[in-house]
Amino acid sequence: MNKKYIIGSVIGVVFVVVAYLSFDSSKIEYTDFEHAKESGKIVQVVGSWNKSENYHYDSDKNEFIFLMNDENGNSSHVRVEGAKPNNFDVAPMVVIKGKFEGDKFHAKEVLTKCPSKYEGQFDELKGASLYN
């Protein structure tokens with residue numbers, strides 16, 4: 001067999017393996033707290049801030065902790081290394097990315113849904129209730 005074909009085949013196999021590994025590491029699934037606790041993997045959880053317990057921000061540690069309810073009603077404390085997002089107080093929904101460490105969800109990233117996105121829906125519902 002010619003050396004060119006062997007070298008080309010090895011390069012092709014390496015390329016496929018690297019592509020698969022990079023795709024697999026970027027694949028992060030959406031789930032709830034219960035499944036996130038069982039899996040131990042990095043996941044994304046959608047939910048909302050449970051306002052029955054106030055959030056806590058420690059500027060010395062640069063740590064932000066709040067209680068969150070997922071879409072299935074499960075709640076957990078979420079610890080974020082970093083500042084509180086700007087619109088956290090008014091955001092209707094929050095997406096956190098991270099994994100459980102002990103009994104707390106350690107989030108590397110917190111995304112807040114923009115409340116203005118839902119204003120039109122709120123006005124439509126408000127108008128419907130006024131005229132029906």
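The values are calculated or read from the model by the stated rules, or taken from the named source; none is laboratory data. What you are looking at is a predicted structure, and each value in this text was computed from that prediction instead of being measured. Counting neighbours? That spans all protein chains shown, and the Cβs are built from the backbone with ideal geometry, glycine included. Calculation scope for accessible area: heavy atoms of the full protein, side chains included, ligands and nucleic acids excluded. Shrake-Rupley method; radii C 1.70, N 1.55, O 1.52, S 1.80 Å.
Looking at the stretch 75-99, which of the residues that are of a type in the set (S, T, N, Q) and over 15 Å from the mean Cα position of the chain (by Cα) is least open to solvent (accessible area, probe 1.4 Å)?
It comes out as ASN87.
Filtering ASP70, ASP103 for residues that are surrounded by fewer than 16 Cβ atoms within 10 Å (Cβ to Cβ), under 28 Å from LYS27 (Cβ atoms) and in contact (Cβ under 8 Å) with a residue 12 or more places away in the chain leaves a single hit, ASP103. Kindly evaluate PHE23 against the criterion of being loosely packed, with under 11 Cβ neighbours inside 10 Å, aromatic (Phe, Trp, Tyr) and at pLDDT below 90. Criteria met by PHE23. Taking the stretch 66-92, which residues are in contact with a Lys or Arg (Cβ under 6 Å, 6 or more places away or on another chain) and at pLDDT 90 or above? HIS77, ARG79 - these are the residues of the stretch 66-92 that are in contact with a Lys or Arg (Cβ under 6 Å, 6 or more places away or on another chain) and at pLDDT 90 or above. Exactly one residue among ILE28, ILE65 is open to solvent by less than 70 Å² (accessible area, probe 1.4 Å) and assigned to a loop (DSSP other than H, G, I, E, B), and that residue is ILE28.
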